[in-house]
Structures are given as structure tokens and as C-alpha cells.
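Worksheet: the structure to be examined is printed underneath.
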Amino acid sequence: MQKGSCLCGDITYRVTGTPRGLSVCHCGQCRRQSGHVWASAVIEETDIQIDGPVAWYEASDIAKRGFCAKCGSFLFWKAYSEDTISFSLGSLDSPTGLRLEKHIYVSDKGDYYDIADGLPQRDQ
Ligand SMILES: [Zn+2]
């Protein structure tokens, strides 16, 4: 089981089951909201218990972005059409025992850094 929280601790969550799709997203929305890139994993909605006042920003027609309105931590990403939710790897308690798998939306990445960890890179 994984546990995580926002910076101030008002929002906590517990993940059961096995997180998958561990990725670093380089899209413009994730970079603006997180300050750089956003690392996350996917879990079935039924395998995560969230406690606390998550604020949701409807960034597009396809997904909303969950964050803490008090401390600003960007914790969750939820596609309307899927029964899964993504949670941020940076908000997990250590040790996570997890490893990143890939970079996504690399075609949208910023010009101020390089990706040099050897993991697979997807345009989207
Ligand atoms: Zn908070």
C-alpha cells in the first residue's frame, strides 16, 4: 500500500493495488501547474481512498486536475472517460518501491532542459 499527501497535509490518500504507467508528463498544462514536469502513476478509482478537500480545475474537455487549494500541491489528474485516476509520485511517502517507466508528451516539452535518463520517450 502507498500513502501520500499534499504539502500542508490537509489532503491525504492511500493507494491499494498496483500503480501502473509510471510516467513523466512534459505537456504544457502539467508544466505550468507543477512548475516543471509532472510524474504520476495510474490506479483504478476503486483502489484509491482520498481524504480532504481536493479542489478540481477543469483544464479541458477531457480531464480535470486535482490540487490542494491551501498549499497548492498538484496531486491528481482525472480523465472523464476513464475509471482510473493518476496521482503524483512526488506526493508519495518514501520509500515508494516504484520506478519510472517513460516520458510522455515529449513533443510539448520545454526548451530549457534535456531528457537524459534513457527511459522511453513518447510524443504523446
Ligand atoms: Zn495542502
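Maximal additional length on extending the ARG122-THR16 stretch stands at 35.4 nm, based on 0.36 nm per residue less the C-alpha distance.
Charge dipole of the range 2-108 (Cα centre as origin; +1 on each Lys and Arg Cβ, -1 on each Asp and Glu Cβ, all else neutral): 360 debye, rounded to the nearest 20. Of the heavy-atom accessible surface of the chain (probe 1.4 angstrom), what whole percent is carbon and sulfur? Answer for the chain: carbon and sulfur cover 46 percent of the accessible area. Assuming a ≥ b ≥ c are the square roots of the Cα gyration tensor eigenvalues, decide whether the range 2-108 counts as rounded (a/c under 1.5), prolate (otherwise, with a/b larger than b/c) or oblate. Taking the square roots of the gyration eigenvalues as a ≥ b ≥ c, the range 2-108 is rounded. Relative contact order for the range 2-108: what is it in percent, counting Cα pairs under 8 Å that are at least 6 residues apart? Relative contact order here is 33 percent.
Per residue, the accessible area of the range 2-108 comes to 53 Å² when a 1.4 Å probe rolls over the protein heavy atoms. Of the residues ILE85, ILE48, ILE62, the one that moves most in a GNM of the chain with alpha-carbon contacts below 10 Å is ILE62.
Once the chain from LEU98 to ALA69 is taken as fully extended at 0.36 nm per residue, the excess over their C-alpha distance is 7.7 nm. If the Kirkwood radius is taken over C-alpha pairs of the range 59-124, then at 37 °C and 0.692 mPa s the Stokes-Einstein diffusion coefficient equals 230 µm²/s. The range 16-44 and the range 48-81 have their alpha-carbon centroids 12 Å apart. For the range 29-81, what class follows from the C-alpha gyration tensor (a ≥ b ≥ c being the square roots of its eigenvalues): rounded when a/c is under 1.5, otherwise prolate if a/b is larger than b/c, else oblate? Rounded, since a/c falls under 1.5.
The values are calculated or read from the model by the stated rules, or taken from the named source; none is laboratory data. Note that the coordinates shown come from a computational prediction; the quantities given were computed from them, not determined experimentally. So basically every Cβ, Gly included, is an ideal-geometry build from the backbone, and we count neighbours across all protein chains shown. These accessible areas exclude ligands, DNA and RNA; they are computed on the full protein's heavy atoms, side chains included. Shrake-Rupley method; radii C 1.70, N 1.55, O 1.52, S 1.80 Å.
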